[in-house]
Amino acid sequence: MEDKKMTKCLNCGKEFEGKFCPECGQRADTSRFTIKFIFQNLLLAILSNDGGVWITLKSLFTRPGQMMVDIINGKRKSYFSPFPMLFLTLSLYVVIFTFTGSNKKNFDGLSDDAEVEMIQEQKVESNSYTDIEYDLDDETSENIEKTLKWCLRFYDNHYTIIFILTIPFYIFSARVCFGRKNRKKYNRGEYCIPIVYSLIMVVLYQCLTSVAFYFSKSLYDTMDDLNIVVSIIAFAACFNKMMEFSVGKTVWRSILMNVFYIMILVVLTIIAIFLYAIIIAS
């Protein structure tokens with residue numbers, strides 16, 4: 001009788017027979033990290049029908065509401081975890097955003113280089129007329145205008161950072177706008193699940209928008225104008241079954257949620273702009 005082949009787990013040290021360690025679940029045939037190994041595992045994560053990216057994306061766009069309920073109720077093995085999925089999607093967005101050149105746009109019709117030259121010229125001109133007295137209010141207004149442009153440009157060029165940093169604002173807005181009953185039913189972590197998956201849908205739409213920028217500026221402008229609509233649809237789709245509202249009520253609450261979220265950002269931005277302008281003026 002042949003001896004059974006035993007394998008020692010490289011993770012926990014337990015000896016076992018088979019393909020997976022019964023103690024920690026690690027595979028028996030661990031390989032060295034090579035480029036081939038990394039790409040194989042990446043493809044496996046994307047194409048796998050057992051908790052892979054592909055099956056998660058398919059469920060996210062065909063039955064998002066049921067997917068949220070499944071995850072909250074503990075049926076999670078079939079889905080890719082929300083935050084790794086978000087970071088993977090954001091990484092894809094950064095690559096497309098940079099490659100297509102959509103990160104070169106700004107709000108005054110000038111290229112980034114042209115704007116830098118204009119600012120430098122203004123500095124030289126202002127230094128040449130140091131004997132001219134400037135009105136403090138005009139200078140403060142100019143500082144506010146420049147800071148506002150910078151904030152808008154920062155938001156547009158650092159979309160991924162804004163998404164991650166403002167997830168708590170989305171959670172707060174959702175808990176306010178979807179009612180007291182649901183605040184008692186779901187905790188903040190459970191609210192985070194549909195919010196993160198909704199943001200994944202929005203980021204994927206932004207990927208398409210950036211691709212459109214590469215081919216057609218007018219098509220990009222049209223798609224970019226629809227971003228808020230896509231955001232509302234994504235939130236409504238993910239929250240609908242979880243909240244047990246009608247479609248119309250879920251859409252209305254999703255609109256309120258986005259408005260409340262934008263109001264928070266606007267208030268914080270205004271406070272930051274005025275503080276910055278006052279500091280510069282002084």
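Read-outs: derived from the displayed coordinates by stated rules, not from any lab. The structure displayed is predicted, hence computed values, not measured ones. FYI the Cβ positions are ideal-geometry reconstructions off the backbone, even for glycines, and counts take in every protein chain you see.
Measuring between their Cα centroids, segment 72-91 and segment 154-218 lie 14 Å from each other.
With a 10 Å Cβ neighbour count serving as the proxy for reagent exposure, in which order, fewest first, do L208, L199 appear?
Result, fewest neighbours first: L208, L199.
The coefficient of translational diffusion for segment 228-282, derived via Stokes-Einstein from the alpha carbon Kirkwood radius under 4 °C and 1.567 mPa s, stands at 100 µm²/s.
Using only the Cα atoms of segment 152-282, build the gyration tensor, take square roots of its eigenvalues as a ≥ b ≥ c, and label the shape rounded, prolate or oblate: rounded if a/c is under 1.5, else prolate if a/b is larger than b/c, else oblate. Oblate shape, in that a/c is at least 1.5 and b/c is the bigger or equal ratio. Shown is the FRET efficiency for K36 and I162, computed with R0 = 41 Å from the Cβ-Cβ distance and rounded to the nearest 0.05: 0.70. With neighbour counts taken as other beta-carbon atoms within 10 Å, the residues L265, L60 rank, fewest first, as L265, L60.
For the residue pairs K181/K249; K184/K241; K181/K241; K185/K241; K77/K185, the alpha carbons lie more than 19 Å apart in K77/K185.
If I take R0 = 51 Å and measure r between the Cβ atoms of L148 and N73 in this structure, what FRET efficiency does the formula 1/(1 + (r/R0)^6) give, to the nearest 0.05? Walk me through the numbers on the way to the answer.
Values: r = 45 Å, r/R0 = 0.88.
After rounding, the FRET efficiency stands at 0.70.
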